[in-house]
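Following: one structure in structure tokens, then a few remarks.
The values are calculated or read from the model by the stated rules, or taken from the named source; none is laboratory data. Predicted model only: the values in this text are computed from it and were never measured. Here the Cβ is made from the backbone with ideal geometry for all residues, glycine too, and neighbour counts use every protein chain on show. The accessibility values were calculated without ligands, DNA or RNA, using every heavy atom of the protein model including side chains. Shrake-Rupley method; radii C 1.70, N 1.55, O 1.52, S 1.80 Å.
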Amino acid sequence: MTSTLDVGDLRLAYTEAGAGAPVVWLHGSGPGATGMSNFGGNLPAFADYRNIVIDLPGWGDTPRPELDEPLIFHAAERVCRAMTALGIERAHLVGNSYGGAVAMRIAMRHPERVDRLVLMAPGGVLPADAPPWPVGLDRLFAYMAAAKPSREAMAEFVRLMVHDESLATEELIDERYESSLRAHPELPIPPNFGDLTPDLGLIAAPTLLVWGREDQTVPLTWASRILDGIPDAELRVLPHCRHWVQYERAPEFNHIVREFLQGGAAAASEE
């Protein structure tokens, strides 16, 4: 069940499930994305954690106010306010794509609030020769720019997110399409997400990067800048997988992430 929190200039929507150490889940920027559409299928494997699954500003049930700062920066501060309102001083952060960038921004600006960091093909860090955009980003921006996007455009976008196109079910396409019509972001195309590259070295949290080898949205070739920039980062690459690692390879993803988060718990118990 979705609840909302007052974070000053908007009411942030979130879903809470489980009990234990807190984990904040941050979704991507794709059309029709919500916290639960990205991570709902993973939560049963994390029932022994307190899971806070957020709809970032402008997606799902969270509105977006007028912005005078980059999108990543804006969202990161609202997530921190939500954590405070929920009585969470420190949490693991798990972010996909744009949500991974929001998680990195929090780790840069508020390191005391981050335990461990899990990033699935995160945004916010581009190689010097990024344009022309990878096909997944090109389709994402085209969908955002459309006055009345079509269901077929959504179907094309969803199929690009997975290596096994049988996972792009008609039900999933319908769900994402209807959600995108309810909360179609009004953004410049491409949006001003913000550049996190100069501050990667400020991330002190142990960081796990998880990437689909065949990702056509945030390509694996973009991982090296982040891996080199974050002092305590490791990379896991899953073959036969594109951008939605947590969906397409859910059992492996759940195992890898649980192992990483439990490593943090084990280290803390030994101190």
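Translational diffusion of segment 56-137 was estimated from the Stokes-Einstein equation, with Rh taken as the Kirkwood radius over Cα pairs; at 25 °C and 0.890 mPa s the coefficient is 179 µm²/s.
Note: relative contact order over the chain, using C-alpha pairs below 8 Å and six or more positions apart, is 20 percent. Rounded to the nearest 20 debye, the dipole magnitude of the chain is 80 debye, with +1 charges on Lys and Arg beta carbons, -1 on Asp and Glu beta carbons, and the Cα centre as origin. What the phi angles of segment 214-221 give under the Karplus curve with 6.51, -1.76 and 1.60, with θ = phi - 60°, is a coupling list of 9, 4, 10, 10, 10, x, 4, 4 Hz, glycine and proline written as x.
The antiparallel fraction among DSSP beta bridges confined to the chain stands at about 25%. Once all protein chains are placed together, GLU214 keeps about 50 Å² accessible to a 1.4 angstrom probe.
For segment 1-138, a simple Cβ point-charge model (Lys and Arg +1, Asp and Glu -1, everything else neutral) yields a dipole of about 280 debye relative to the Cα centre.
Take GLU69: with every protein chain present and a 1.4 Å probe, its accessible area is about 60 Å². When the solvent-accessible area of segment 81-166 is split by element, carbon and sulfur atoms take up 51 percent of it, the probe being 1.4 Å. Candidates (1) 32, 25, 17; (2) 29, 20, 19; (3) 25, 21, 19; which is the computed semi-axes √(5λ) of the Cα gyration tensor in Å? Of the labelled values, this structure produces (3).
Expressed as a whole number of Å, what is the distance separating the alpha-carbon centroids of segment 61-111 and segment 188-262? First find each Cα centre; the distance between them is then 17 Å. GNM remark for the chain: springs join alpha carbons under 10 Å apart, and the peak mean-square fluctuation among PRO132, PRO149, PRO239 falls on PRO132. For segment 60-205, dividing the convex hull volume of the Cα atoms by the residue count gives 136 Å³ per residue. Taking amide hydrogens as placed 1.01 Å from N in the peptide plane, the amide H of VAL114 sits under 5 Å from those of ALA91, each at least 5 positions away in sequence or on another chain. Counting only Cα atoms, the size of segment 99-174 along its three principal axes is 44, 30, 25 Å, in decreasing order. Computed with every protein chain present, the accessible area of SER166 is close to 80 Å² [probe 1.4 Å]. The mean accessible area for residues of segment 9-146, using a 1.4 Å probe and ignoring ligands and nucleic acids, is 33 Å² per residue.
With a 1.4 Å probe rolled over the protein heavy atoms of all chains, the accessible area of VAL218, VAL237 falls in the order VAL237, VAL218, largest first. Name the residue, out of ILE72, ILE189, ILE88, whose mean-square fluctuation peaks in a Gaussian network model built on the chain with Cα pairs under 10 Å. Per the Cα network of the chain with a 10 Å cutoff, ILE189 tops the list. Over all alpha-carbon pairs in segment 1-104, figure out the percentage whose distance exceeds 16 Å. Cα-Cα pairs of segment 1-104 separated by over 16 Å account for 51 percent.
Amide hydrogen proximity for PHE193: with H placed 1.01 Å from N in the peptide plane, the residues at 5 or more positions away or on another chain lying under 5 Å are LEU71.
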